[in-house]
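Reviewing the structure listed below.
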Amino acid sequence: MRPATTARITSLLYDGVLDPCDWHAGMAAFGNAVGACDFHLLTTDLAQGAVLESIASIAPGHEKAVQEYEQHYALIDERVPIAMRMGPGQVMLDHEHFSDRHISRSALYTDCLAPQGMKHTMGLMLRVQGSVQQYVGFMRRVDQPHFSDADRRLALHLLPDVVRAAQLRARVDQLARHAALGLAALDTLAQAVAVLDARCRIQYCNAAAERLLARPGALGVRCGQLHCHDSAAQARWQALVAAACARQGGPMAGALQPAPGPRGLVVTVLPLNAHHLLAPRHAPMALAVMGEPAPAGGPDPRLVSSLLGLSPTETRLALLLAAGATVKDFAAAERVSWHTARTHAKNLLRKSGCHRQVDLVRLLLSLPAC
């Protein structure tokens, strides 16, 4: 095969990580290169007994046959276990594993493939993650010979890029689902939340933040930036956001009260990692939480956990510290060693972006209550 042809196939597959049309075109081009008439990519979850994704080059009039395969044959396809034993990056040619007698008696071949005019299969296991398997089969018509060693060599040449692209595509799909869920959850929060860059420009606001910033007050939006009307508060605000984005020098997290008053608005600033789903353009961002100070009862545990990315144990430690307890008190309450408690405390400081325990307590007490 010409290098230009293999380069086109791999280019389509990598473009297909983000574009479903290119992914389909890349699979079809792979099939054409090895002399297949059709392909069917299937992702199943054996634990759930479900088909998660099905992409096929469906010939006109065969749509019903593909649906029947997904419903009745996909989870018991005898070709898949063989490909799975061979593992990702290997090529399964069915004629090397099934005799003509077996094929003539197999419900899969006689009742599913034969009516569609297909017989011989080249199978590739692309991904195995727990109970999730992703398999692609390339089929030839009944009047064509089985796949040859030359076809296998060509497939093996392309396979590393196919497997890598499939893994990237799965990761992107997972991130997209998590991002959608995360944004949906943030939009339902009663607390006002915004994502800012180092220049205080707003990258994201949830519904509560939009409502709060639309009202007259000590904090507002000016030229797309979250801005304090008081000049002294604005200077402090810019320094807090810049430090959270830069993650170097002084505390990376803090709180600010833009206007005086015991029940005035408090804005808490936290660093947001570049790989976080809410961080646009994969750049360091700051997370601003706006609301009233927490009363004596302490901050909302769910908010503490979700905003700081804490484990349940770290959340319990944070709440105890906010209530005035010590790390030793936490060790006694949890029945863990002092060393273990200190490890949790260090993780808590690292995740919150605070350098000292007193800064952490101030940050926690600035968060809104339940």
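If we scan the stretch 162-176, do we find a residue that is at pLDDT below 90, among the charged types (D, E, K, R) and not in a helix (DSSP H, G or I)? No - not one qualifying residue is present in the stretch 162-176.
Look at the stretch 43-56: where a residue is of a type in the set (Val, Ile, Thr) and a partner is open to solvent by 40 Å² or more (accessible area, probe 1.4 Å) and not in a strand (DSSP E or B), sitting 6+ places away or on another chain with Cβ atoms under 6 Å, you get Val51/Glu70. Of all residues in the stretch 100-151, those satisfying the criterion of being under 35 Å from the mean Cα position of the chain (by Cα) and open to solvent by 50 Å² or more (accessible area, probe 1.4 Å) are Val128, Gln129, Gly130.
The helices (runs of 4 or more DSSP H) located wholly in the stretch 223-323 that include 2 or more residues which are modelled with pLDDT of 80 or more occupy 231-246, 312-322.
Within the bounds of the stretch 187-195, is there any residue that is closer than 30 Å to Asp300 by Cβ, hydroxyl-bearing (Ser, Thr, Tyr) and outside any strand (DSSP E or B)? Within the stretch 187-195 (the criterion being closer than 30 Å to Asp300 by Cβ, hydroxyl-bearing (Ser, Thr, Tyr) and outside any strand (DSSP E or B)), the answer is yes, since at least one residue qualifies.
Counting only residues that are of a type in the set (D, E, K, R) and part of a helix (DSSP H, G or I), which one in the stretch 327-347 is nearest to the chain's Cα centre (by Cα)? If we take residues in the stretch 327-347 being of a type in the set (D, E, K, R) and part of a helix (DSSP H, G or I), then Lys346 is nearest to the chain's Cα centre (by Cα). Looking across the stretch 158-172 at every residue that is loosely packed, with under 13 Cβ neighbours inside 10 Å and of a type outside the set (Lys, Arg), the one that is farthest from Val17 (Cα to Cα) is identified as Pro160. In the condition set (1) under 18 Å from Met118 (Cβ atoms); (2) open to solvent by less than 70 Å² (accessible area, probe 1.4 Å), Thr10 is compliant with all but (1). When Arg350 is evaluated against the numbered criteria (1) modelled with pLDDT under 85; (2) part of a helix (DSSP H, G or I); (3) open to solvent by less than 70 Å² (accessible area, probe 1.4 Å), which criterion, by number, is the only one it fails? The one condition Arg350 does not meet is (3).
The rows are residues; the columns are (1) over 21 Å from Asp45 (Cβ atoms); (2) out of contact with any Lys or Arg (no Cβ under 7 Å at 6 or more places or on another chain).
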| residue | (1), (2) |
| --- | --- |
| Met122 | yes, yes |
| Val128 | no, yes |
| Gln134 | no, no |
| Gly137 | no, no |
| Arg140 | yes, no |
| Asp151 | yes, yes |
| Ala155 | yes, yes |
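The set of residues in the stretch 24-63 being in a strand (DSSP E or B) and either closer than 22 Å to Ala155 by Cα or in contact with a helix residue (DSSP H, G or I) (Cβ under 8 Å, 6 or more places away or on another chain) (or both) consists of Asp38, Phe39, His40, Leu41, Leu42, Thr43, Thr44, Val51, Ser54, Ile55, Ala56.
The values are calculated or read from the model by the stated rules, or taken from the named source; none is laboratory data. Note that the coordinates shown come from a computational prediction; the quantities given were computed from them, not determined experimentally. Note: ideal-geometry Cβ built from the backbone for every residue, glycine included; neighbour counts use all protein chains shown. Keep in mind that these areas ignore ligands, DNA and RNA; they rest on the heavy atoms of the full protein, side chains included. Shrake-Rupley method; radii C 1.70, N 1.55, O 1.52, S 1.80 Å.
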